[in-house]
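Chemist: Pasting in a structure now, in structure tokens, and then I'll have a few things to ask.
The values are calculated or read from the model by the stated rules, or taken from the named source; none is laboratory data. Keep in mind that this is a model prediction, so the values were computed, not measured. Counting neighbours? That spans all protein chains shown, and the Cβs are built from the backbone with ideal geometry, glycine included.
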Amino acid sequence: MEAANDTKFKPTMFLLTGISGHEDIHFWISIPICLIYAISIMGNSVILYIIKTEPSLHKPMYIFLSMLALTDLGLSIATTPTILGVFLFNSREISLDACFAQLFFLPLLSLIESSVFLLMAFDRFIAICNPLRYTSIFTRSRIGKMGLVFVLRVVTIEIPIPLLLKRYRYCQANVLSHSFCLHQDIMKMACADITINSIYGFFAILSTVGLDSLLIFLSYVMILKTVLGIASYMECLRALNTCASHLCAVLLFYIPLIGLSVTHRFGEHTPPLLQILLGYIYLLVPPMMNPIMFSMKSKHLRAKLIKLFSK
């Protein structure tokens, strides 16, 4: 009887969902999704290849860009099997272990990306506000140490989340609202008090995305204050232009991420379609747009890209 109850309360798998009510056009929706994945994987791979093989690009700005490209590549690879499985093959089943693994790696990579954006903001802040110390601050060893510290911070914060979720029994329906596993989505299905998990999840977001976004904002306040003190209008415009691609990438990343987190936690009456669209924008659009935006704004990177493809 105990084994039967355990089977009843702890399903062996979850069911993923594409866009509910539009299952008849899932195949057609998969076409632009496949195109987005192709652009994301190819774009970020090309960025990594060019930065690795071109010694003139072994500078802090491009090292941070390669970190971003590597993280975006990881995000694309982590979501491809489940999203394309649902839309192309109607393969909705996912085991508990696979689901917990995905809900660990997706926020892990997202929070690492948030950390990279913070490092890039710090890079722009030093380059504009204290250019004479730029090369002495951003040495290769120091960049490596900063990257390692931020990765360890995120891993330490994220490890308890799947461990806490595995303790629960799930007596609600095992149908997820997305075609990938999210912490907030699975947490709601537990037939236990999830207060600890909810508080810890909020703490994890606040201590990573919240702190990073605040520091990025303060960096840009200082950058703007410094730039407005420049006498020449053209110099002011040129300085701001170096931050344009980073600022666009930051907004493209944080707006859907914060929107998705808020609608899942506090938006009981939010239309389900809005949550689904925010989820896909958050996971699919930044990895596709980041290599495009940074390539368009970086003269040196753009020249290397043209040279590569002209061959």
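Chemist: Restricting the first residue to segment 228-253 and requiring it to be touching a residue at least 12 places away in the same chain (Cβ under 8 Å), which pairs with a second residue that is buried (at least 18 other Cβ atoms within 10 Å of the Cβ) and acidic (Asp, Glu) meet a Cβ separation below 9 Å and a spacing of at least six or different chains?
Modeler: Cβ pairs passing all conditions: His246/Asp123; Phe253/Glu113.
Chemist: Picking from Ala192, Ala204, which residue would you name as being aliphatic (A, V, I, L, M) and part of a loop (DSSP other than H, G, I, E, B)? Quick ask: steps written out before the conclusion?
Modeler: Numbers: Ala204 fails: part of a loop (DSSP other than H, G, I, E, B).
Step by step, each of Ala192, Ala204 is checked, and only Ala192 is aliphatic (A, V, I, L, M) and part of a loop (DSSP other than H, G, I, E, B).
Chemist: Go through segment 74-101 and report how many residues are under 17 Å from Leu35 (Cβ atoms) and under 17 Å from the mean Cα position of the chain (by Cα).
Modeler: 6
Chemist: Give the residues of segment 171-189 that are in contact with a Pro (Cβ under 7 Å, 6 or more places away or on another chain) and either at pLDDT 85 or above or not in a helix (DSSP H, G or I) (or both), sorted by residue number. Explain how you work it out, then say what you get.
Modeler: Within segment 171-189, the subset in contact with a Pro (Cβ under 7 Å, 6 or more places away or on another chain) is 174, 177, 183.
Of everything in segment 171-189, those that are in contact with a Pro (Cβ under 7 Å, 6 or more places away or on another chain) and either at pLDDT 85 or above or not in a helix (DSSP H, G or I) (or both) turn out to be Asn174, Ser177.
Chemist: Keeping to segment 265-306, report how many residues are under 20 Å from Phe180 (Cα atoms) and under 17 Å from the mean Cα position of the chain (by Cα).
Modeler: Qualifying residue count, segment 265-306: 14.
Chemist: Out of Val221, Val262, Val285, which single residue is in contact (Cβ under 8 Å) with a residue 12 or more places away in the chain, surrounded by fewer than 19 Cβ atoms within 10 Å (Cβ to Cβ), of a type outside the set (S, T, N, Q) and at negative phi?
Modeler: On the way: Val221 fails: in contact (Cβ under 8 Å) with a residue 12 or more places away in the chain; Val262 fails: in contact (Cβ under 8 Å) with a residue 12 or more places away in the chain.
From the options Val221, Val262, Val285, the qualifying one is Val285.
Chemist: For residues that are in contact with a helix residue (DSSP H, G or I) (Cβ under 8 Å, 6 or more places away or on another chain) and not in a helix (DSSP H, G or I), scanning just segment 91-129, find the one that is nearest to Gly18 (Cα to Cα).
Modeler: In this case the residue turns out to be Arg92.
Chemist: A further question follows. Report yes if Leu152 is free of Cβ contacts under 8 Å to residues at least 40 places away in the same chain and exposed (fewer than 11 other Cβ atoms within 10 Å of the Cβ), otherwise no. Steps first, please.
Modeler: Numbers: free of Cβ contacts under 8 Å to residues at least 40 places away in the same chain: yes; exposed (fewer than 11 other Cβ atoms within 10 Å of the Cβ): yes.
Taking the combined requirement at face value, the residue satisfies it.
Chemist: Also: Just name the residue that is surrounded by the fewest Cβ atoms within 10 Å (Cβ to Cβ) out of those in segment 130-149 that are touching a helix residue (DSSP H, G or I) at 6+ places or on another chain (Cβ under 9 Å) and within 21 Å of Leu224 (Cβ to Cβ).
Modeler: Checking each candidate, the answer is Arg133.
Chemist: Does Leu88 satisfy being more than 30 Å from Lys297 (Cα to Cα), touching a helix residue (DSSP H, G or I) at 6+ places or on another chain (Cβ under 6 Å) and surrounded by fewer than 19 Cβ atoms within 10 Å (Cβ to Cβ)? First the steps, then the outcome.
Modeler: Values: more than 30 Å from Lys297 (Cα to Cα): yes; touching a helix residue (DSSP H, G or I) at 6+ places or on another chain (Cβ under 6 Å): yes; surrounded by fewer than 19 Cβ atoms within 10 Å (Cβ to Cβ): yes.
It is true that Leu88 is more than 30 Å from Lys297 (Cα to Cα), touching a helix residue (DSSP H, G or I) at 6+ places or on another chain (Cβ under 6 Å) and surrounded by fewer than 19 Cβ atoms within 10 Å (Cβ to Cβ).
Chemist: Of everything in segment 248-259 that's surrounded by 19 or more Cβ atoms within 10 Å (Cβ to Cβ) and among the aliphatic types (A, V, I, L, M), which residue is farthest from Gly210 (Cα to Cα)?
Modeler: Going through the qualifying residues, I end up with Ala249.
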